Amino acid sequence: MTDHAEAGGPVGSSTGSELSQNLRSGLDPGLEVMEDAAAVSTPKDSARLNLGAASWSLYEGARDPYVILIVIYVFYPYFATAVVGDPVKGQTLVANIAMISGLCVAFTGPLLGASIDKIGRRKPLLILMTALMLPLLVGLWWIKPGPGGLGLGVSSVMLGLLGLVFAYSELLHNSMLTRAATPKQAPYASGLALSLGNFFSVFMLVFVLWAFALPGKVDWSFIPRHPLFGLDPLKHETDRIVGPVVAVCLAVLAIPIFLFTPDAPRSQIGLAKALGQGWQGLKATFRTLKGHRSAAVFLGSRMLYTDGMTALLVFTGVYAAGVMHWHTLELLAYGVMLSIFAVIGGQVGARLDAHLGSRRAVQIEILAAACGLFLLLGMGVDKIVFVPYDTAAHAPLWHGPIYRTLPEVIFLVIGCCNAVFVTAQYASSRTFLTRLAPAGQSASFFGLYALSGTVTVWLGSALVRIFTGVFKSQQAGFLPIALLLLLGFIGMLFVKHDGKEGTV
């Protein structure tokens, strides 16, 4: 019997469904959490999280600032513009890094996810992944423009390795949930993890704003007069410091999971046999789709539009830095506001699901994100939605430190709207599968859902790289994202199930 069965989770009636469940929980325990939450009515006393479950949730808060500060809003945009020295070449290089690390994840992640329950103990591997991330994060301090810094080749390898190791840490962390919490506690542990991830990400954004970006830019009493630790903005030290800052956050907040969260027992199965059984699980998972056309079309469509949504998120900071000439201060404030609107997106997705059904909700969210992307393509420091705008002929909207022109404010509004619908899409897609999955086969279908979000994770980055490089334009680099969204939307038109609760 699998670890899931011992923990009281749902168990399939055959070896194939057990292996499919292992894949599902290894790649994304939140899917299992949703299934459990739907099936279990939780009394207040049983919902209390023990120290091990809370420590598991805290690790999400340790990891997520990497995505927000390094990938999206601060370091990658700095790397693309200041280190590479050309926004177009920078976007091409960042896309190349994301594509290569995404390919590595696509080729190895699903098999590792399918094999993880057979391998046994997760903590040694998770400690290794965390330990590898720390020096890589600290090493970002030495990525700087000019001959004094690490070269572009070494820098690219470091950033690519960070992305790969982060993905593995995510997979291992996810797979520990069934040991960290009981089935009744799992929805609360997962929800707490998401909340802590958002909280610490926004907290770190605000801290970097207060400590490094705003000092010297504003004369506000609660802001230090100069960046902390004597950092010099002219040497981009206020940009480079985010690597060590994220490393400290990860090192401190990761400690409890290794001390208090239960681990799976040592496995008696060798690595080669575990991987072989994982491969059989992958094949069994794909066989689940036979006879379920709507689910198959939905999962295929999701691979396309989710890849587009992910690329839109990953490259939004790099795009804003190049097109709007924004620097760390503007990008940090942008990140804070988009994070706030992303929370609203979860509620928007829920309301659209309830009133229109999940299929229609997903279609609306894809179209809204595509419209937002089209508007972004027409924005610049001297234009508003493709219409030229002379900023010199217009007085500043205000005399604050950021967003003083109308194009900047409109770009900000579009970005916030995109955050709402991208987040809503993730929520609606997950809900849709709960209504598509046949009774008794939820585990296998959730395994396919997790897999569909992994195997093409490289595609959006690859297309951005190709189009940016060929057309020498950041705007052109975003065109294939629109294509992925459009293809995903077209695919959703062929899904027959309306995704309304109670329909078949």
Amide H to amide H under 5 Å from Ile241: which residues, 5+ apart in sequence or cross-chain, H placed 1.01 Å off N in plane? none
Residue by residue, what Karplus-based ³J(HN,Hα) values in Hz, rounded to whole numbers, does segment 187-197 have, using 6.51, -1.76 and 1.60 with θ = phi - 60° and x for Gly and Pro? x, 6, 5, 5, x, 4, 4, 4, 5, 5, x
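First select every other residue whose beta carbon is under 13 angstrom from the beta carbon of Arg404; then total the charges, Lys and Arg +1, Asp and Glu -1.
Working: positive: Lys217; negative: Glu330, Glu408.
Value of the local net charge: -1.
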Does a label point 7 Å from the Cα of Lys283, set along Cα-to-beta-carbon, have any residues of segment 92-136 with amide nitrogen under 17 Å, and which are they? 111-112, 114-115
Using a Förster distance of 35 Å, the FRET efficiency for Asn50-Leu128 (Cβ separation, nearest 0.05): 0.85
Step through the table entries Lys283/Lys496; Lys118/Lys283; Lys89/Lys472; Lys144/Lys235; Lys118/Lys290; Lys89/Lys217, compare each Cα-Cα distance with 18 Å, and write down the pairs that go over it. Lys283/Lys496; Lys118/Lys290; Lys89/Lys217
For segment 314-324, just list the computed ³J(HN,Hα) in residue order, Karplus coefficients 6.51, -1.76 and 1.60, θ = phi - 60°, integers in Hz, with x standing in for Gly and Pro. 4, 9, 5, x, 4, 5, 5, 4, x, 6, 9
Counting only residues 5 or more places away or on other chains, whose amide H sits under 5 Å from the amide H of Gly380 once H atoms are built in the peptide plane? Val385
Calculate one ³J(HN,Hα) per residue across segment 246-259 by plugging θ = phi - 60° into the Karplus curve 6.51 cos²θ - 1.76 cosθ + 1.60, and present them in order as whole Hz with x for glycine and proline. 5, 4, 4, 4, 5, 4, 6, 6, 7, 4, x, 5, 7, 8
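For segment 64-172, what relative contact order do you get, as a whole percent, if you take Cα pairs closer than 8 Å and at least 6 residues apart?
On the way: 71 pairs, mean separation 38.2, N = 109.
Rounded, it is 35 percent for segment 64-172.
FYI, it's all coordinate maths here, none of it is from the lab. Since we're looking at a predicted model, the values are computed, not measured. Cβ sites come from the backbone with ideal geometry, for glycine too, and all protein chains shown count toward neighbours.
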